[in-house]
1. Can you compute 3J(HN,Hα) from phi for each residue in the range 34-50, using the Karplus curve 6.51 cos²θ - 1.76 cosθ + 1.60 with θ = phi - 60°, rounded to whole Hz and x for Gly and Pro?
2. I'd like the antiparallel share, as a percent to the nearest 5, of DSSP beta bridges with both residues in the range 6-119.
3. Let me know the charge dipole size of the range 2-214 about its Cα centre in debye, to the nearest 20, where only the beta-carbon of Lys, Arg (+1) and Asp, Glu (-1) is charged.
4. Once phi is turned into ³J(HN,Hα) by the Karplus curve 6.51 cos²θ - 1.76 cosθ + 1.60 with θ = phi - 60°, what whole-Hz value does each residue of the range 196-208 show in order, with x for glycine and proline?
5. Just need the relative contact order of the chain here, percent rounded to a whole number, with Cα pairs under 8 Å and 6+ apart.
6. I'd like to know which of Val112, Ser170, His206 lies farthest towards the positive end of the charge dipole of the chain, counting +1 on Cβ of Lys and Arg and -1 on Cβ of Asp and Glu.
7. Expected output is a single nm value to one decimal: the length gained when fully extending between Gln203 and Phe52, i.e. 0.36 nm times separation in residues minus the C-alpha distance. What is it?
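Readers should treat all values here as calculations from the given coordinates under stated rules, not as data from a laboratory. Everything numeric in this text was worked out from a predicted model, so none of it was measured. Cβ placement follows ideal geometry from the backbone for every residue including glycine, while neighbour counts extend to all protein chains displayed.
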Amino acid sequence: MRVLLIGATGKVGRPILRELVNRGHDVTVLVRNPAPLAEEFPAVRAVPGDVFDQDLVAATVRGCDVILSSVALRDAAQADRDPVALIRALAAVAAGQDTRWISLGGAGSLEVAPGVPFVDTPEFPAAARPESDGFRNALTELRERAPAGLRWTVVSPPVLIEVDAPRTGSYRTGTDTLLRRPDGSSAISAADLAVAVVDEAEQAGHVRARFTVGY
């Protein structure tokens, strides 16, 4: 499978890249600064650039089977950027080239009670609310206005992504409700989130849908 991975240097993107490479997929990465990947992934084609450069994304994705997007918009360089604009740009590229597109979304739009998204609860971190609201709006736009032929998928993680926790290869899936363990915690390792994302890329189990994962 030929894959374009966007956001490969992030805490989720890098484990996704590792999982793709270990499974033998042909991967191209589009990142602002590919230098941090060179030592671990010398054979991966790296294209420096901006995910909001729609022409560059379209040129880079030619011939790929899947676009995987793991882009956070919370750091200072991205703070003024709109998740809805990002979703629109990537959706246009994917639809124009008939390429499957899988995007990481936030946990904020998942429900913690019927009709109550996590982002609207007092426990939700205030610093993350603008980004999470943006991705919630982007998901709504996909559900209501995505072109009929666009094969999109959104993966919402649990509350905690454990960067240094091991890869077990096991996880649970759900739809629109936040997954919790019996002790009430909501978590997954970054490595197992990557397993779930790459499984979805290979198996296409949630086309034109959002799903969530967790332990």
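1. x, 3, x, 8, 4, 5, 7, 10, x, 8, 7, 6, 10, 10, x, x, 10
2. Percent antiparallel among DSSP bridges in the range 6-119 is about 15.
3. That gives a dipole near 320 debye.
4. 5, 5, 6, 4, 5, 4, 7, 9, 6, x, 9, 6, 6
5. About 20 percent, as a whole number.
6. After comparing all options, I get His206.
7. Net length gain for the segment: 51.6 nm.
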